[in-house]
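For reference, the structure discussed in these notes is given below.
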Amino acid sequence: MFKKFIQYCKDSFNELAHKTTWPTRAELTHTAMVVLSASLIIALVVFAMDSVFKAVMSGIYRLGI
């Protein structure tokens, strides 16, 4: 049982160290910028939807519907 665990750890390290393709700094920076931009756009869309909903609900409350 313990030998299987040791072998699993060795295999995991070998795969992580030698078989995994890590992104370059440029790829990582580009991907981070894409995620940041998408997050900002989504936040702005949610803010706009919330503002419109607030205005609509305020109008409905003023009318007493």
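The values are calculated or read from the model by the stated rules, or taken from the named source; none is laboratory data. Bear in mind the structure is a predicted one, so any value in this text is a computation, not a measurement. Reconstructed Cβ throughout: ideal geometry from the backbone, glycine too, with neighbour counts over all protein chains shown. Note: accessible area is taken over every heavy atom of the protein model, side chains too, but ligands, DNA and RNA are not part of it. Shrake-Rupley method; radii C 1.70, N 1.55, O 1.52, S 1.80 Å.
Results, tabulated for the structure shown:
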read-out	value
Accessible area of the chain belonging to carbon and sulfur atoms, whole % at 1.4 Å probe	72 percent
222 nm mean residue ellipticity, helices alone, for the chain (DSSP H n ≥ 4; -39,500 (n - 2.57); rounded to 500)	-28500 deg cm²/dmol
Of Met1, Phe13, Ile41, farthest towards positive along the dipole that unit charges on Lys, Arg, Asp, Glu beta carbons give the chain	Met1
Pairs of Cα atoms farther than 15 Å apart, the chain, %	75 percent
